[in-house]
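Quick notes on the structure that follows.
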Amino acid sequence: MSRMESTHQSSQAQTALPSDVVSALHTLHEFVATAMAIPPQIIVTCRDDKRAFGRAALQAMSYRKAVDMFITRFATKEDWWISEFRYKPEVTIYGRFYRQHGDDDDGMVILDERGWSELVGNVVRLTIVFTSLKFTVTAQSSSKA
């Protein structure tokens with residue numbers, strides 16, 4: 001072995017990665033492993049109905065389009081308020097996140113319209129809840145009496 005090869009090998013052996021770089025690489029590795037563990041489907045429930053939706057398809061659509069789709073798929077005629085006008089039911093979407101950050105990921109959380117695509121990328125389950133406008137108006141008018 002030549003002196004130049006020996007010097008090159010020993011300089012590589014002496015070069016160690018700083019601990020913050022090793023920590024960052026470990027965190028990145030954990031993130032990638034977790035991201036790959038998230039299934040491509042999201043289970044969506046509404047009352048007793050349960051369906052699987054593609055994660056990528058939900059991420060590609062806006063929050064409003066997703067709400068309209070969930071109304072089409074899950075709403076019954078009792079959810080609609082019919083008067084002179086036909087009103088859509090109000091929709092609240094709850095999500096259970098893939099547990100990777102800690103205790104705060106345990107329960108169902110209301111998903112906000114802002115950041116929809118990011119949020120859907122990390123949920124395992126969605127629960128759709130319809131609030132009928134008929135119920136809301138009735139409850140408000142009876143509370144004023």
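The values are calculated or read from the model by the stated rules, or taken from the named source; none is laboratory data. Bear in mind the structure is a predicted one, so any value in this text is a computation, not a measurement. Quick reminder, even Gly has a Cβ in these numbers, built from the backbone with ideal geometry, and neighbours come from all protein chains shown.
Taking into account only those residues within segment 90-122 that are touching a helix residue (DSSP H, G or I) at 6+ places or on another chain (Cβ under 7 Å), surrounded by fewer than 15 Cβ atoms within 10 Å (Cβ to Cβ) and of a type outside the set (D, E, K, R), which is modelled with the highest pLDDT? The residue in question is 117. Of all residues in segment 11-55, those being loosely packed, with under 10 Cβ neighbours inside 10 Å, over 16 Å from residue 98 (Cα atoms) and either touching a Pro at 6+ places or on another chain (Cβ under 8 Å) or modelled with pLDDT under 85 (or both) number 6.
The C-beta contact set for segment 112-129 (first residue part of a helix (DSSP H, G or I), second residue crowded, with 16+ Cβ neighbours inside 10 Å, distance under 6 angstrom, 6+ apart or interchain) comprises 116/63; 119/111; 120/58.
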